[in-house]
Amino acid sequence: MALLAALCLAAGSWQVQLPVHQFTLRWQHSIEKIEWDEDYEVVGSWLHLSQARIRGSGAGMEPPDGATLINGVWHYRLADPWRREMVLARSEFVPDYQICIDGLCRRMTHWLPISAGATTVRACNAR
């Protein structure tokens, strides 16, 4: 029997498991107010960044080499797209990260409070 893919979010004593194979992580740059999107797949104990987009550019947020500008949005893929986990700093002073699943985007506060602190995002079977 195949294992179902799942995404785990953990912050402080909070832990949430989302039964997804693909998701988009979306956030807004705190200074430039420009939106970023990263499309991930849960592959075993890894997160694979399949594609990313930046809706503009600015200080400290230049698109990587090889990015393509399409209708004002930079599209790119990273040379090393594999991640064991990501640790996201969250603050009440900027819009919270969003997780989009099947086209529905929700702020991370839907699952975990910002007050719980930095949030780790990983495949659930990652150790």
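The values are calculated or read from the model by the stated rules, or taken from the named source; none is laboratory data. If you're wondering where the values come from, they're calculated on a predicted model, not measured in any experiment. Ideal geometry is used to build each Cβ from the backbone, glycine not excepted, and the neighbour counts take in all protein chains shown.
Results for (1) under 14 Å from the mean Cα position of the chain (by Cα); (2) among the aromatic types (Phe, Trp, Tyr), shown as yes or no for each residue.
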{"residue": "Trp27", "(1), (2)": "yes, yes"}
{"residue": "Asp39", "(1), (2)": "yes, no"}
{"residue": "Ile70", "(1), (2)": "no, no"}
{"residue": "Glu85", "(1), (2)": "yes, no"}
{"residue": "Arg90", "(1), (2)": "yes, no"}
{"residue": "Val94", "(1), (2)": "no, no"}
{"residue": "Ile99", "(1), (2)": "yes, no"}
{"residue": "Arg107", "(1), (2)": "yes, no"}
{"residue": "Trp111", "(1), (2)": "no, yes"}
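What's the number of the only condition in (1) under 21 Å from His21 (Cβ atoms); (2) free of Cβ contacts under 8 Å to residues at least 12 places away in the same chain; (3) of a type in the set (Val, Ile, Thr) that Ile70 fails to meet?
Only one criterion is unmet by Ile70, namely (1).
Suppose we filter segment 61-88 for residues that are out of contact with any Ser or Thr (no Cβ under 7 Å at 6 or more places or on another chain), hydrophobic (A, V, I, L, M, F, W, C), surrounded by fewer than 14 Cβ atoms within 10 Å (Cβ to Cβ) and under 25 Å from Val43 (Cβ atoms); how many remain?
2
Which one is surrounded by the fewest Cβ atoms within 10 Å (Cβ to Cβ), of the residues in segment 92-113 that are touching a residue at least 60 places away in the same chain (Cβ under 8 Å) and outside any loop (DSSP other than H, G, I, E, B)?
Selected residue: Cys105.
Being among the aliphatic types (A, V, I, L, M) and in a loop (DSSP other than H, G, I, E, B) is the filter; apply it to segment 114-127 and report the residue that is modelled with the highest pLDDT.
Filtering first and then ranking leaves Ala118.
Scanning for something of a type in the set (A, V, I, L, M) and modelled with pLDDT of 90 or more, does segment 35-46 turn up at least one residue?
Yes: segment 35-46 contains one or more residues that are of a type in the set (A, V, I, L, M) and modelled with pLDDT of 90 or more.
Restricting segment 5-56 to residues that are in contact with a helix residue (DSSP H, G or I) (Cβ under 8 Å, 6 or more places away or on another chain) and exposed (fewer than 15 other Cβ atoms within 10 Å of the Cβ), which is nearest to Arg107 (Cα to Cα)?
Here the answer is Trp14.
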